[in-house]
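Since the structure comes first, as C-alpha cells, the remarks are kept for the end.
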Amino acid sequence: MSFCHIVCVGGTADITVHQRQGDGTLRELHKASGGAWGGTKVDEEFYQLIIRIIGAPAWYKFTETQIADFLDLQRELETKKRTITPASNGMITTKVPISLSKIYKNDSGEGIDEAIDGSNYTGKLEWMSDKLHIDAGVFKNLFKSCSDKIVGHIKELLAMPDVKGTHIFLLVGGFSESAMLQDAIIKGLPQGSKVIIPDEAGLCVLKGAVMLTPV
C-alpha cells in the first residue's frame, strides 16, 4: 500500500510518497519535492492586492517603519486563512492597522476611498478606519495560485510509474488546516482517493520531529 504525504506549512509544500512494507516499515517511492507554495504565499497575494490599491512606495514604507503593526497584520491573516471556507460569501472583514491608510494619505494627499475608486476593486472592497471589507470571491482567489501549484505537482507525481495508483493522501502542517486548501486538493485528486487530515494537523510535523529525535 502506498500513500502520499503532503506537508503544507508556512513557506513551503513538501510532498513525499511512501509504500508500507509487510513488516510495517516504510519504503520511499519518491523523495520530498514541492515548492514555495505554503501559507505565506496567500499572505503575499494579499500584500499585492494592497499594493494595487495604495502603490508599492506606501506599502513598503509601512512595512519598514511600522513593524509592530505589520506583525499584527500577519497574525490577522493567519487567522483568516484558517476561517475562510469555500462556502464563505458576502464580505470578509479583516483588521488592518490605521497607520497603513495614514501613510498613504500623508504621502499621496488623497484618502483610501479615492484610491479604491481608482482601482479594479470598486464595489468589491471597502476600507473604513481599521477594517477592510473584501468581497469573499476576491479573498478566496488569494488561495488559487498556491492551491493550483500544489494540486498540479501532485498530479505530476501520480503520473510517474512508481507512484501511479496511490490513492491515500495524508495532509499535515499548519496550512493544511485551511478549508480552502483542503477543498482544492480533494477536488483535484483522482476519483476514489482518500484524504486523511488528522486532528491538530498543524502540530503533526512538530510531534513527529519530537518523537523521532534520538534521545
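Any read-out appearing in this document is the output of simple, stated calculations on the displayed coordinates, not a laboratory observation. If you're wondering where the values come from, they're calculated on a predicted model, not measured in any experiment. Note that each Cβ is placed from the backbone with ideal geometry, even for glycine, and that neighbours are counted across all protein chains shown.
Helix 39-54 versus the longest principal axis of the chain: what angle, 0 to 90°, nearest 10, using Cα atoms? The answer is roughly 20 degrees. Among the GluC sites (Glu not before Pro) in the range 28-112, those located in a DSSP loop and surrounded by at most 13 other Cβ atoms within 10 Å of their own Cβ are Glu110. Sequence-distant contacts, meaning Cα pairs under 8 Å at least 6 residues apart, place the relative contact order of the chain at 25 percent. Around the amide H of Leu29, modelled in the peptide plane, lie the amide H atoms of Val17, His18, Gln19, all under 5 Å away and 5 or more residues distant in sequence or on another chain.
By DSSP, the beta bridges lying fully in the chain are antiparallel in about 75 percent of cases.
Taking the C-alpha atoms only, the angle from helix 67-83 to the longest principal axis of the chain is near 50 degrees. For a paramagnetic label modelled on Gln74 (point 7 Å from Cα along Cα→Cβ), amide N atoms under 20 Å away belong, within the range 171-188, to 173-178. For a paramagnetic label modelled on Arg52 (point 7 Å from Cα along Cα→Cβ), amide N atoms under 14 Å away belong, within the range 132-174, to 134-145. The largest-to-smallest principal axis extents of the Cα set in the range 40-142 are 39, 28, 21 Å.
Entry note, the chain: the mean residue ellipticity at 222 nm calculated from DSSP H runs of n ≥ 4, each adding -39500 (n - 2.57), is -14500 deg cm²/dmol after division by the residues and rounding to the nearest 500. Starting from the Cα of Glu44, step 7 Å toward the Cβ, then list every residue of the range 131-149 with an amide N under 20 Å from that point. Zone members listed by number: 139-149.
Principal-axis analysis of the Cα atoms of the chain puts helix 98-108 at an angle of about 50° to the longest axis.
Other residues within the sphere of radius under 12 Å centred on the Cβ of Leu181, judged by their own Cβ, net out at +4 (K and R +1, D and E -1).
Remark: the Cα gyration tensor places the chain in the prolate category, a/c being 1.5 or greater and a/b exceeding b/c.
Length available on full extension from Ser108 to Asn89: 0.36 nm per residue minus the Cα-Cα distance, which gives 3.6 nm. Here's the list of lysines a cross-link from Lys149 could span, going by alpha-carbon distance under 28 Å and ignoring same-chain residues fewer than 8 apart: Lys31, Lys41, Lys80, Lys81, Lys124, Lys140, Lys164, Lys187, Lys194, Lys207.
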